[in-house]
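The values are calculated or read from the model by the stated rules, or taken from the named source; none is laboratory data. Remember, it's a predicted structure, so these values are computed and weren't measured experimentally. Reconstructed Cβ throughout: ideal geometry from the backbone, glycine too, with neighbour counts over all protein chains shown.
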C-alpha cells in the first residue's frame, strides 16, 4: 500500500541528506500548531456544539487537540462558547490572565462575539470588551465545521507567529488596552 | 381548589388589613395594606386553621401608571396539607419603598428579597444583608423598573439608523 505523506505544511528551509535546516520560529510554530490544548469556557448552547466538535464525528483530535485542558494554567487556546453576562466578565478576564503565554482566543457564536440577541442590561456585548480575541465564529450556534475552520485559522496564526511577538511593545500596548496585567 | 368558605375565613381573619380580594385564574389575591403586611403574613403562617406555612415565591410589581401605588409586592403562600395556594399583594408609592422584611418568618425570603431589591429597589427594613444578588455589584440602577429601556443602556456601537429608529 502506497503511503502518501502530505509535506505541503513543511516550513521553508534547506534540506539535505539526513538533515533539514529552517528558522526557529517555523519549528516552534509547527510544534505548537499541532498540539494546541484548548480550554472550553462553555456557558450555553454553543458549548453543546463544541462538545459535538470534540466528539468522534468531527474529532478535534485530528488537530492535536484531544487533550482538553480544564485548567487555564495549562491551556493554549481559550474557546469562549456562549453568553457571557456582565457579572461573569471579570471571571472570564481572570481565566484569561491565568493562562500562560503564548495564548489564543476563539470567540464562538453570536453571544460571545457581540452579545447576540441578548441586547440587555445584564449581558456583556461581546467578549472583546474584556479580552483580546483572535478569531470570531459567527452563528447561533455555529456548526462544528465552522469551529473547525476557526481552529484551522488559529493554527495558521500559531504556525506563522514570530517568536518575539509577545515580548514586543505592540503586544504589550494591546494588553494594556484591555487593562490586562 | 379554594372555596368561598375558605375565602371568607381568610378575609375575616385578615380583618382591617384587607383592602380587597380579587380572583386571577385559580388564585385568590388578597390585597392588604402595607402597614399591616408583616402582621398579616405572620398570622397566615402561624394560624393553626389557615397554616400557610410555605412561601412559594415572591415578586415585585412596577406599574408607573398607578399614581400613588406605583410599586407592589406579591407573596405566594402555600398550605401544603390541604394544597391551597393564595397570593398576598400590597401596593405602595414610589416615594416610600420601605417594606418590613419577612426573613424572620421564612428564611427562604432572604434571597427573594435581595432579588426584589436588586431589580426594583425595595428597601426591606430589617433584612440581614440587603445587597445585589443577581446583577453585578457596580450596577447603579434597578433594571426591572419600567422607566429603563430593556436594551443595554451602556452600548455605544449601535447606530439608530440601522435599527429603524
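Criterion first (surrounded by fewer than 19 Cβ atoms within 10 Å (Cβ to Cβ) and in contact with a strand residue (DSSP E or B) (Cβ under 8 Å, 6 or more places away or on another chain)) does residue B:93 satisfy it?
Working: surrounded by fewer than 19 Cβ atoms within 10 Å (Cβ to Cβ): yes; in contact with a strand residue (DSSP E or B) (Cβ under 8 Å, 6 or more places away or on another chain): yes.
Considered against the rule, which asks whether it is surrounded by fewer than 19 Cβ atoms within 10 Å (Cβ to Cβ) and in contact with a strand residue (DSSP E or B) (Cβ under 8 Å, 6 or more places away or on another chain), residue B:93 comes out as yes.
Test residue A:174 against the criterion of being closer than 30 Å to residue B:151 by Cβ, away from every other protein chain (no Cβ under 14 Å) and in a helix (DSSP H, G or I), and give yes or no. If you could, list the steps in order and put the result at the bottom.
Working: closer than 30 Å to residue B:151 by Cβ: yes; away from every other protein chain (no Cβ under 14 Å): yes; in a helix (DSSP H, G or I): yes.
Considered against the rule, which asks whether it is closer than 30 Å to residue B:151 by Cβ, away from every other protein chain (no Cβ under 14 Å) and in a helix (DSSP H, G or I), residue A:174 comes out as yes.
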message: Anything in the stretch A:138-171 that is within 22 Å of residue A:22 (Cβ to Cβ) and assigned to a helix (DSSP H, G or I)? List them, or say none.
response: A:152, A:154, A:155, A:156, A:157, A:158, A:159, A:160, A:165, A:166, A:167
query: Can we say residue A:79 is away from chain B (no Cβ under 14 Å) and under 18 Å from residue A:174 (Cβ atoms)?
result: no
task: Go through the stretch A:31-59 residue by residue and tally those that are in contact with a strand residue (DSSP E or B) (Cβ under 9 Å, 6 or more places away or on another chain), surrounded by fewer than 21 Cβ atoms within 10 Å (Cβ to Cβ) and touching a residue at least 12 places away in the same chain (Cβ under 8 Å).
output: 9
field: Checklist (1) exposed (fewer than 12 other Cβ atoms within 10 Å of the Cβ); (2) more than 13 Å from the chain's Cα centre (by Cα) applied to residue B:98, failing item
entry: (2)
- prompt: Would you say residue B:92 is within 20 Å of residue B:7 (Cβ to Cβ) and at pLDDT 90 or above?
  reply: no
- request: Starting from residues that are in contact with a helix residue (DSSP H, G or I) (Cβ under 9 Å, 6 or more places away or on another chain), part of a loop (DSSP other than H, G, I, E, B) and free of Cβ contacts under 8 Å to residues at least 24 places away in the same chain, keep the ones in the stretch A:90-128 and report whichever is nearest to residue A:143 (Cα to Cα).
  value: A:117
statement: The one condition residue B:84 fails out of (1) touching a helix residue (DSSP H, G or I) at 6+ places or on another chain (Cβ under 6 Å); (2) farther than 26 Å from residue B:114 by Cα; (3) in contact (Cβ under 8 Å) with a residue 60 or more places away in the chain is (1)
field: Residue selected from the stretch A:82-103 under the condition closer than 24 Å to residue A:49 by Cβ and more than 14 Å from chain B (Cβ to nearest Cβ), by the criterion nearest to the chain's Cα centre (by Cα)
entry: A:103
statement: Residue count, the stretch B:34-55, condition in contact with a helix residue (DSSP H, G or I) (Cβ under 6 Å, 6 or more places away or on another chain) and modelled with pLDDT under 90, comes to 1
query: Is it the case that the stretch B:38-55 has a residue that's surrounded by 14 or more Cβ atoms within 10 Å (Cβ to Cβ) and closer than 30 Å to residue A:88 by Cβ?
result: yes
Answer from B:119, B:124 - the residue that is touching a strand residue (DSSP E or B) at 6+ places or on another chain (Cβ under 7 Å), closer than 27 Å to residue A:84 by Cα and surrounded by 12 or more Cβ atoms within 10 Å (Cβ to Cβ): B:119
- request: Test residue A:179 against the stated conditions and say whether it is in a loop (DSSP other than H, G, I, E, B), modelled with pLDDT of 90 or more and at positive phi.
  value: no
